[in-house]
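Colleague: Got a structure for you, questions after.
The values are calculated or read from the model by the stated rules, or taken from the named source; none is laboratory data. Predicted, not measured: the structure shown is a model, and the values here were computed from it. Don't worry about glycine lacking a Cβ; one is built from the backbone with ideal geometry, like all the others, and counts go over all protein chains shown.
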Amino acid sequence: MAAVLGISGEYHDAAAALVVDGVIVAAVQEERLSRVKNDARLPIDAARACLAHAGLAAGDLDRVVFYEEPIEKLERVMVSTLCAFPRSLRQFPRAIGAQLGGKVWVLDRIAERLGVARDKVTSTAHHRAHAASAFFTSPYPRAAVLTVDGVGEATSTALWHGVDGELRELGRIEYPHSLGLLYAGLTAYLGFEVNEGEYKVMGLAAHGQPRLRDELDKVIRLHDDGTFELELSYFAHFADAELGFGPVLEQLLGPRRPAHLAWELETDRDRRYADIAATLQQVTEEALLGLAREARRRTGEACLCLAGGVALNAVANARIAREAGFERVFVHPAAGDAGGALGAAILGSLELGDRRPAGLASAALGLPIDVGLASALAGELGLRVRPSGDIATEVATRVAEGQIVAFCQGRFEWGPRALGQRSILANPADPASRERLNRAIKRREPFRPFAPAVLREHAARFFVGADSDMTPFMTTVCPVAEPYRDRLAAVRHVDDSARVQLVTEGSAPELAAVLTALDRTIGMPIALNTSLNGAGEPIVANEIDALGFLMSHPIDALVVGDLVITRGAA
Amino acid sequence: MTRSRAREGTVRAGRQALVRLVTPIVWRVPGHGARKLYGFARAEQGSRIDLLQAAQRTPSLARRALYLRHALDETRHARMFWRRSTELLLAEQREPFTAPVADTEALFARLGEVRFLAFVHRGERRGRQQFELYARHFGARGDARTRALFEAILTDERRHESYTRELLVELVGGERAARRELGRAAAWEAWRTWRRAGRAVAGAVYALAMTAIYLVAGPIAAIGARFRRRRSRWQLEAAAPPAADPAADPAREAAS
């Protein structure tokens, strides 16, 4: 019986997660509280929020587990930058400075900042934390586990075998050979921000054709045993962590795309960049497929769990589910570094003799929204507040009329996806709503698709093969059924796929009620569901963020609990 | 007027005179104007985050609303400064900056509400004075667009300056106590500047030392790297994996 806090941070996506007596009690990403996008600093506020939610104090903790081994990371950073001499002249002092100036002392700092005894603070390997986050929250008693990201301490990719409460490493691929760094480098080449723009590359890929395979085959070689090798002359992650690619890549693919230019996919210039994205996506899918097949061959398991930033590639996950030979696939909803906090907490809990947690039924592991405070503050701000007797029908009616509604219910989600707790809802059949959302509210590139949320029991009617262990958490895509392709125009991507979320009473009861009401009003239990955040901002956490969003974005209404809040005098 | 207030007034006037003197030179340096506007965008973005955190932490509903409104103004200002910076850079055929990202110093948590308010008030007053100067400067130069930008933001800055002062007086119970808090905030800012300068010097010394180490150790490491085979294959060979149990039901009940 133990209370264990897991911590990730000091690189990007800092988070804290609390496991008490083998039960996942809370998991919070620091950015939601600090309002700094991808906040990397030690997640002290998130840790305190988790403890407060459980009614615990720092002194009640039996263990705090950091998701990475700091000394091993220092060693890798030092050796890799030194070996890149003289290209890493500027990077070396900066990288070593960051390590010695803080990161290497992270366990002491956690103990000091949280006020826990130093001997209670331990660490675990980065990829082990990822693997634990995926396997121990999956519904499988035994599975192959793949963790794929940029880099942890020295590992970029690892293969594991999970059986009940145990995880055994079967193999690893080490830095600098990394699918995450390949994707990040090309993300920067295409003019997007690394660690932020990878989703955009995935969306862009559907608009292109994989015509540059010969070129990309020079950048990465795939081997028969599932491993891969980067041709390092094209990269610069050891010399320039921001950019990730070198001038040789521009010689191969042409000049990088300037970040500020508006996307015009009908022009030759941008079609070529879309083709590069499509080729990158194809190569990434094939690399992941190779790894997954190797995992299947080595473990003989019927189920696969995935984690690590690359596992957020929903399109690749769909291919793995179709082609790798597994019966079932699960991807942790916070597959990126934030998820490592939960994995670290679970590992600590298991070590202290607690049982393995139950499979994740809902990602609503954050802090609840305060409906009373939202009402009072909205009044203070001069907004119109009205309780609704039937909030689900009211939301459905507004959405059916083409309105855009911000929807806040209960505890916020764990991971980068809005799953009905902090969502923006719109009519899935109305392309005008999509345009308005893209241009006026989210201010994002026109090629990026929106996702549908659908009631699980009706999903098969609208989407092909939607019922999987990934769709409750929006970590895969599936084709829109032929008869509904025109009607679901606002949530269908250019390749007729959609990143579907299957909703049940258990996972998001309020959203399920809205979808039921939508079935009555528009004849489909489906809503366009996107995250409740402005451009470049973290997803809304509390009532203050939600009201701020309403006041600064042209949405039609904000729903908090059973309150309908609109602009204009009360 | 006390002696300390007179001294403060003199310092402020001196600073203003200096800014007036260098402004025409500084803004004419190619690319510098855009960089400066981008700097303002980042500062507004940082202020936005601090104010959102203040809105989360203050116990008063009324102040929560005030801080939230202020934070939304800062968001708008950040966007306006960034947009103008982008326009100027594109006009000079330079690549614009990416969306401004700022950090937070968690000022509300560190300073407490009273000192935080004093700090914000001082920042707003400084910003207002600076922006008035810049608005006049761009008006005189005939750059109506940049002048309009500063004037639009000035309207908000004046309001922020005034409400933070009123709140501060209300919280500490009078003008005299408010002035004392402003003085303490000024002292804290000076201490912060001193520490930042110290960090910058230490950083430079450290970078120098690291560069020296790099220049000595780098060539040896690089030579070593040439002979070291970069392995991309599986690094850890598996022991025999536990046998899969095909009869077992792979699904476990997901707990609710």
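Colleague: Checking the structure you have, find out if any residue of region A:507-525 is touching a Lys or Arg at 6+ places or on another chain (Cβ under 6 Å) and at pLDDT 95 or above.
Modeller: no
Colleague: Oh, and also: Of (1) within 14 Å of chain B (Cβ to nearest Cβ); (2) within 23 Å of the chain's Cα centre (by Cα); (3) assigned to a helix (DSSP H, G or I), A:R293 satisfies all except one. Which?
Modeller: For A:R293, the failing item is (2).
Colleague: A further question on this structure: Looking for whichever is surrounded by 17 or more Cβ atoms within 10 Å (Cβ to Cβ) and within 9 Å of another protein chain (Cβ to nearest Cβ) here; the options are B:R42, B:R48. Which one fits?
Modeller: Result of the check over B:R42, B:R48: B:R48.
Colleague: If a residue has to be in contact with a Phe, Trp or Tyr (Cβ under 7 Å, 6 or more places away or on another chain), of a type outside the set (G, A, S) and crowded, with 24+ Cβ neighbours inside 10 Å to count, how many in region A:124-134 make the cut?
Modeller: 1
Colleague: While we're here: Test each condition in (1) closer than 30 Å to B:W188 by Cα; (2) in contact with a Pro (Cβ under 9 Å, 6 or more places away or on another chain); (3) among the β-branched types (V, I, T) for B:T86 and report the one that comes out false.
Modeller: Only one criterion is unmet by B:T86, namely (1).
Colleague: When both residues are 6+ apart or on different chains and their Cβ atoms are under 8 Å apart, which pairs have a first residue that lies in region B:53-69 and is over 24 Å from A:E30 (Cβ atoms) and at the interface with chain A (Cβ under 10 Å from one of its Cβ atoms), and a second that is surrounded by fewer than 21 Cβ atoms within 10 Å (Cβ to Cβ) and not aliphatic (A, V, I, L, M)?
Modeller: B:L61/A:E380; B:A62/A:E380; B:R63/B:E113; B:A65/A:E380; B:L66/B:Y163
Colleague: While we're here: Output yes when any residue across region B:108-124 is within 13 Å of chain A (Cβ to nearest Cβ) and at pLDDT 95 or above, and no when none is. Can you show your working first?
Modeller: Just the residues of region B:108-124 that are within 13 Å of chain A (Cβ to nearest Cβ), to begin with: B:108-110.
Add one more test, that the residue is at pLDDT 95 or above, and what stays is B:108.
Looking through region B:108-124, at least one residue is within 13 Å of chain A (Cβ to nearest Cβ) and at pLDDT 95 or above.
Colleague: Testing A:E301 on (1) buried (at least 24 other Cβ atoms within 10 Å of the Cβ); (2) not in a loop (DSSP other than H, G, I, E, B), one condition comes back false. Which one is that?
Modeller: That leaves (2) as the condition not met.
Colleague: Right, here's the next one. Just one of the numbered conditions (1) within 14 Å of chain B (Cβ to nearest Cβ); (2) among the hydroxyl-bearing types (S, T, Y); (3) more than 25 Å from A:S156 (Cβ to Cβ) is not true of A:T299; which one?
Modeller: (3)
Colleague: Of the numbered conditions (1) buried (at least 24 other Cβ atoms within 10 Å of the Cβ); (2) within 14 Å of another protein chain (Cβ to nearest Cβ), A:A26 fails exactly one; give the number of that condition.
Modeller: Every condition holds for A:A26 apart from (2).
Quick grid of which residues meet (1) in contact with a His (Cβ under 6 Å, 6 or more places away or on another chain); (2) surrounded by 18 or more Cβ atoms within 10 Å (Cβ to Cβ); (3) without any contact (Cβ under 8 Å) to a residue 40 or more places away in the chain:
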site	(1), (2), (3)
A:A418	no, yes, no
A:P428	no, yes, no
A:N438	no, yes, yes
A:E445	no, no, no
A:P449	yes, yes, no
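Colleague: Still on this structure, I have one more. Among the listed residues B:A202, B:A185, B:A148, identify the single one that is exposed (fewer than 14 other Cβ atoms within 10 Å of the Cβ), part of a helix (DSSP H, G or I) and of a type outside the set (S, T, N, Q).
Modeller: Answer to the check: B:A202.
Colleague: Right, something else. Condition (residue is at pLDDT below 70 and surrounded by 12 or more Cβ atoms within 10 Å (Cβ to Cβ)) applied to region B:219-230: is it met by at least one residue?
Modeller: Yes - at least one qualifying residue is present in region B:219-230.
Colleague: Restricting attention to region A:281-288, does a residue exist that is out of contact with any Gly (no Cβ under 8 Å at 6 or more places or on another chain), part of a helix (DSSP H, G or I) and within 14 Å of chain B (Cβ to nearest Cβ)?
Modeller: For region A:281-288, residues out of contact with any Gly (no Cβ under 8 Å at 6 or more places or on another chain), part of a helix (DSSP H, G or I) and within 14 Å of chain B (Cβ to nearest Cβ): present.
Colleague: Sticking with this one: From A:T147, A:T157, which residue is more than 10 Å from chain B (Cβ to nearest Cβ) and of a type in the set (S, T, N, Q)?
Modeller: A:T147
Colleague: Please return the ranges of strands (runs of 3 or more DSSP E) entirely within region A:388-494 where 2 or more residues are in the same structural domain as A:G561 (by TED's automatic domain parsing), under 22 Å from A:A314 (Cβ atoms) and aliphatic (A, V, I, L, M).
Modeller: Strands (runs of 3 or more DSSP E) meeting the threshold: A:422-426, A:451-455.
Colleague: Sticking with this structure for a sec: Only one residue in A:S138, A:S133, A:S178 is over 21 Å from A:K73 (Cα atoms) and of a type in the set (S, T, Y). Which one?
Modeller: Unique residue meeting the criteria: A:S138.
Colleague: Okay, moving on. On the given criteria, is A:A358 without any contact (Cβ under 8 Å) to a residue 40 or more places away in the chain and outside the structural domain of A:F412 (by TED's automatic domain parsing)?
Modeller: Spelling it out, it is not the case that A:A358 is without any contact (Cβ under 8 Å) to a residue 40 or more places away in the chain and outside the structural domain of A:F412 (by TED's automatic domain parsing).
Colleague: Okay, next question. With the structure loaded, tell me whether A:R411 is within 14 Å of chain B (Cβ to nearest Cβ) and over 13 Å from A:V559 (Cα atoms) or whether it fails that test.
Modeller: For A:R411, the condition - within 14 Å of chain B (Cβ to nearest Cβ) and over 13 Å from A:V559 (Cα atoms) - is not met.
Colleague: Output the qualifying pairs, or none if there are none: Cβ atoms under 7 angstrom, residues six or more apart or on different chains, first residue in region A:212-231 and farther than 17 Å from A:G185 by Cβ and within 14 Å of another protein chain (Cβ to nearest Cβ), second residue among the basic types (K, R) and in a helix (DSSP H, G or I).
Modeller: A:G226/A:R293
Colleague: Looking only at region A:78-93, count how many residues are facing chain B (nearest Cβ under 7 Å) and of a type outside the set (A, V, I, L, M, F, W, C).
Modeller: Of the residues in that region, 2 qualify.
Colleague: Quick check: anything in region A:120-132 without any contact (Cβ under 8 Å) to a residue 24 or more places away in the chain and not in a strand (DSSP E or B)?
Modeller: No, region A:120-132 contains no residue that is without any contact (Cβ under 8 Å) to a residue 24 or more places away in the chain and not in a strand (DSSP E or B).
Colleague: Residues being surrounded by 19 or more Cβ atoms within 10 Å (Cβ to Cβ) and closer than 28 Å to A:F92 by Cβ: count how many of those fall in region A:198-238.
Modeller: 10
Colleague: With the structure loaded, tell me whether A:L347 is part of a strand (DSSP E or B), buried (at least 23 other Cβ atoms within 10 Å of the Cβ) and not β-branched (V, I, T) or whether it fails that test.
Modeller: Answer is no for this residue.
Colleague: Looking for something within 14 Å of chain B (Cβ to nearest Cβ), without any contact (Cβ under 8 Å) to a residue 12 or more places away in the chain, outside any strand (DSSP E or B) and surrounded by fewer than 16 Cβ atoms within 10 Å (Cβ to Cβ) - is there at least one such residue anywhere in region A:262-279?
Modeller: Yes, region A:262-279 has at least one match.
Colleague: In this structure, is B:P24 away from chain A (no Cβ under 11 Å) and either assigned to a helix (DSSP H, G or I) or in contact with a His (Cβ under 7 Å, 6 or more places away or on another chain) (or both)?
Modeller: It is true that B:P24 is away from chain A (no Cβ under 11 Å) and either assigned to a helix (DSSP H, G or I) or in contact with a His (Cβ under 7 Å, 6 or more places away or on another chain) (or both).
Colleague: Just checking, which of A:V145, A:V116 is in a strand (DSSP E or B), among the hydrophobic types (A, V, I, L, M, F, W, C) and buried (at least 21 other Cβ atoms within 10 Å of the Cβ)?
Modeller: A:V145
Colleague: Right, next: Mind checking which residues of region A:514-532 are outside any helix (DSSP H, G or I), over 10 Å from A:V395 (Cβ atoms) and either in contact with a helix residue (DSSP H, G or I) (Cβ under 9 Å, 6 or more places away or on another chain) or touching a residue at least 12 places away in the same chain (Cβ under 8 Å) (or both)?
Modeller: Within region A:514-532, A:M524, A:P525, A:I526, A:L528, A:N529, A:T530, A:S531, A:L532 meet the criteria.
Colleague: Hey, another quick one. State whether the residues of region A:319-330 include one that is within 14 Å of chain B (Cβ to nearest Cβ), touching a strand residue (DSSP E or B) at 6+ places or on another chain (Cβ under 8 Å), farther than 16 Å from A:V148 by Cβ and in a loop (DSSP other than H, G, I, E, B).
Modeller: Yes: region A:319-330 contains one or more residues that are within 14 Å of chain B (Cβ to nearest Cβ), touching a strand residue (DSSP E or B) at 6+ places or on another chain (Cβ under 8 Å), farther than 16 Å from A:V148 by Cβ and in a loop (DSSP other than H, G, I, E, B).
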